[in-house]
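Report on the structure given below.
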Amino acid sequence: MNANIGTLDRALRLVAGLLLAGTGAALASGGWAVAALAIGAVMGLTAVVGVCPAYTLLGIDTRGRRVRAS
């Protein structure tokens, strides 16, 4: 898969993922804790890898590449 997450998007995903995973770990039990931990882990993983499968399905690319005029 090709990278489709830009720098700002990656940074925001990493911060949000760490916060969610930390919240899930701090809650330590219950459905909300498991959900927060899982969502945080997925957000962190997509930030590190630079590829979001949902973006691929939707045709979104936040890398901000500019197209040169010919």
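General observations
Residues checked against (1) assigned to a helix (DSSP H, G or I); (2) charged (D, E, K, R); (3) modelled with pLDDT of 90 or more:
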position: M1; (1), (2), (3): no, no, no
position: L18; (1), (2), (3): yes, no, yes
position: I39; (1), (2), (3): yes, no, yes
position: L45; (1), (2), (3): yes, no, yes
position: V51; (1), (2), (3): no, no, yes
position: R68; (1), (2), (3): no, yes, no
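- Any chance G30 is of a type outside the set (K, R), open to solvent by less than 70 Å² (accessible area, probe 1.4 Å), free of Cβ contacts under 8 Å to residues at least 40 places away in the same chain and out of contact with any strand residue (DSSP E or B) (no Cβ under 8 Å at 6 or more places or on another chain): yes
- Residue list for region 53-66, filter: part of a loop (DSSP other than H, G, I, E, B) and either surrounded by 11 or more Cβ atoms within 10 Å (Cβ to Cβ) or at pLDDT below 90 (or both): I60, D61, T62, R63, G64, R65, R66
- Any hit, region 10-27, residues being in contact (Cβ under 8 Å) with a residue 40 or more places away in the chain and open to solvent by 30 Å² or more (accessible area, probe 1.4 Å): yes
The values are calculated or read from the model by the stated rules, or taken from the named source; none is laboratory data. Computed from a predicted model, the values in this text were never measured in an experiment. Every residue, glycine among them, receives a Cβ derived from its backbone with ideal geometry; neighbour counts consider all protein chains shown. With ligands, DNA and RNA removed, areas are computed over all heavy atoms of the protein, side chains included. Shrake-Rupley method; radii C 1.70, N 1.55, O 1.52, S 1.80 Å.
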